[in-house]
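Take a look at the structure below.
The values are calculated or read from the model by the stated rules, or taken from the named source; none is laboratory data. The structure displayed is predicted, hence computed values, not measured ones. Note that we place each Cβ from the backbone using ideal geometry, even for glycine, and neighbour counts take in every protein chain shown.
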Amino acid sequence: MRIRMLCAALAAIVLGSCGNAIPHERREAIERWADELQPSAASRQEIVRELEWFATAARPLQGIKIRSVAEDIKTHKWESDVLTRAFTDITGIAVTHDIKSEGEVVDKILQQMQTKRRIYDVYVNDADLVGTHLRADSALDLTEYMAGEGRDVTDPFLDLADFLNPEFGQDYDGRQLQLPDQQFVNLYWFRHDWFSREDLKAEFRRRYGYELGVPINWEAYEDIAEFFTGREIDGVKVYGHMDYGKKSPSLGWRFTDAWLSIAGVGDRGLPNGLPVDEWGIRVVDRIPVGASVSRGGAANGPAAVYALTKYIDWLKRFAPPEAIDMTWDEAAIYPARGTVAQMIFQYTTWLSEDEFLTNKGRVVDADGKPLWRVAPTPHGKYWDEGMKIGYQDAGSWTILKDSVKGDDRKAAWLWAQFCVSKTVSLKKFIVGMSPMRKSTVECEYVRERDAEYGGLTAFYRSSDEKKFTDSGLNVPHYPLLSQLWWRNISTAVVGETTPQESMDRLAAEMDDLMATMNLRRYSPRLNTPVDDEYWLSQPGSPKPERPDAAPETIAYEELIAAWE
């Protein structure tokens, strides 16, 4: 509330005074970019006012040069190619926005955290690391900064309430450590045109005894995968599932990006389950106390083993043979070939690729409308009502407070806000399909084009959107712990270990690593191991063995109606 009042006061000052203080060349740049950044969810008058504010706020910072970095997706490439020019033209602050792989971004931010030597002034760093920044006390507290030192460079039109999920970058007390720049979600993807064919629907009903539709649970997903695999549709051999299995860091993301929570590993409660989250880590009073079942965690419990078992089984039975040797980026665009009926785990950033938007005759109809749709991810048999449904994350602006200070910090903060401003957010969404503002997905421009986005924009307007969350605060050191996942899971994929053996080893290694951590705040203190049966007999997670559920589907049209 205090921040809203402050922003309103600043806006009043800006609207009354900034226009006359702007040099001619900046005024020309504002007018030019107000046109080039169309379409926008903001009116042209609102755009000009916001750009005027940036020009005025930057006047004391002329000549400063800053560097930022983000991972290599379309959204950030557009920021680098277009928004850097706009920002420099309007503010006089030179910015270089490097594009690197996700792993390289994490490596650089870790190096800067450890050495306290500035490499970049600001990072677009996944909100998955918010638990790390909280415990390492590494990220600038933006809530405090906006109200204090950074008050004169905080956009009065920023409007945090308009962000889809600002909480992804907040600590346990709701203080903003990271500001969302773009947002992506993992959703279920399927061929709506095939699911709508009366002959296939009738055959599925005869064979399985229920309706072909969007699967609500894994039992239905498996039936649908079996039904489509090996079938020929319109002269094309079809697979009922798509995934990837190559030993690489992206195999770890396949699991840390909430596969265990989708199976039902964690506890009820949003955003991540308390006291046990989707990584199977138990946290008490903000302190991680264990990942192994023997310590009260769930990373090697029945639900986690079930999650890994199903992943391997479906990969080998229903996916193209080459999928086992693919990484996430290779597998993500494979369904655009037109040979895959459904994909349980689709990063929606890939839906902006041309293969999904222009591949007529395969996944787009003659009018350019997608033949595919997206829907909520079906959940496993250990999932309980009140748990998160799936994974969503936000690449988020992060300023490391120990190495970026003074005017450099102010310039970095201006650049970050410019990239998430209402002025640019709609145009950025059109490029990368990774929104971060409500005003973007709710604006008339997007609503008129909902059919072009295959249900993605409807999802972001639905109540389900809040049930898809990032890795959250309970993970004490995401970069270190995440490396353990793909190395252990890969041995189960190739049959060197059983799923139980892989998850036992993963849980033990997580505990061993957490035991060595000495973080500034809420550092792990592990529980003493006891017999697994003690924890499995307690309410909540870890959960004992469960029988399979009855398969359940819903018609896509019924789902959309519920969302709207």
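May I ask you to list the residues in the stretch 176-222 that are in contact (Cβ under 8 Å) with a residue 12 or more places away in the chain, outside any helix (DSSP H, G or I) and of a type in the set (K, R)?
Within the stretch 176-222, just R191 meets the criteria.
Within the stretch 89-110, how many residues turn out to be crowded, with 17+ Cβ neighbours inside 10 Å and either more than 27 Å from the chain's Cα centre (by Cα) or of a type in the set (F, W, Y) (or both)?
5
Please specify each residue of the stretch 453-512 satisfying the condition of being more than 30 Å from L559 (Cβ to Cβ) and part of a loop (DSSP other than H, G, I, E, B).
Passing the criteria: L473, N474, V475, P476, H477, V494, G495, E496, T497, T498.
Consider V283 against the criteria (1) buried (at least 21 other Cβ atoms within 10 Å of the Cβ); (2) more than 19 Å from Q483 (Cβ to Cβ); (3) out of contact with any Asp or Glu (no Cβ under 9 Å at 6 or more places or on another chain): it satisfies all of them except one. Which criterion is unmet?
(3)
For K427, only one of the following conditions fails: (1) closer than 24 Å to Y347 by Cα; (2) surrounded by 22 or more Cβ atoms within 10 Å (Cβ to Cβ); (3) at pLDDT 95 or above. What is its number?
It fails just one condition, (2).
Tell me yes or no: at least one residue of the stretch 173-180 is at pLDDT 95 or above and of a type in the set (S, T, N, Q).
Checked against the condition, which is being at pLDDT 95 or above and of a type in the set (S, T, N, Q), the stretch 173-180 yields at least one hit.
State all residues of the stretch 518-564 that are surrounded by 12 or more Cβ atoms within 10 Å (Cβ to Cβ) and of a type in the set (A, V, I, L, M, F, W, C); if no residue qualifies, say none.
Passing the criteria: L519, L526, V530, W535, L536, A549, I554, A555, L559, I560, W563.
When you look at W253, is it within 26 Å of L519 (Cα to Cα), under 23 Å from the mean Cα position of the chain (by Cα), assigned to a helix (DSSP H, G or I) and in contact (Cβ under 8 Å) with a residue 12 or more places away in the chain, yes or no?
So W253 fits the description; yes.
In the stretch 285-302, what residues are among the basic types (K, R) and either more than 24 Å from the chain's Cα centre (by Cα) or within 20 Å of F255 (Cβ to Cβ) (or both)?
R295
Would a scan of the stretch 310-325 turn up a residue that is farther than 30 Å from L200 by Cα and surrounded by fewer than 21 Cβ atoms within 10 Å (Cβ to Cβ)?
Yes, that holds for at least one residue.
Taking A492 and the conditions (1) exposed (fewer than 15 other Cβ atoms within 10 Å of the Cβ); (2) at pLDDT 95 or above; (3) among the small types (G, A, S), which numbered condition does it fall short on, given that it satisfies the others?
(1)
On the basis of being in a loop (DSSP other than H, G, I, E, B) and acidic (D, E), does D313 make the cut?
Considered against the rule, which asks whether it is in a loop (DSSP other than H, G, I, E, B) and acidic (D, E), D313 comes out as no.
In this structure, is G338 more than 22 Å from the chain's Cα centre (by Cα), touching a residue at least 60 places away in the same chain (Cβ under 8 Å) and over 19 Å from P215 (Cβ atoms)?
It is true that G338 is more than 22 Å from the chain's Cα centre (by Cα), touching a residue at least 60 places away in the same chain (Cβ under 8 Å) and over 19 Å from P215 (Cβ atoms).
Give me the helices (runs of 4 or more DSSP H) completely within the stretch 399-447, filtered to those with at least 3 residues that are touching a helix residue (DSSP H, G or I) at 6+ places or on another chain (Cβ under 9 Å) and touching a residue at least 12 places away in the same chain (Cβ under 8 Å), ordered by residue number.
Helices (runs of 4 or more DSSP H) meeting the threshold: 406-420, 422-432, 438-442.
Pairs, please: C-beta under 8 Å, at least 6 apart or cross-chain, first residue basic (K, R) and in the stretch 302-327, second assigned to a helix (DSSP H, G or I)?
Within 8 Å, the pairs are K310/W218; K310/E222; K310/A263; K316/I324; R317/A225; R317/E226.
Exactly one of (1) touching a residue at least 12 places away in the same chain (Cβ under 8 Å); (2) surrounded by fewer than 24 Cβ atoms within 10 Å (Cβ to Cβ); (3) small (G, A, S) is unmet by A127. Its number?
(2)
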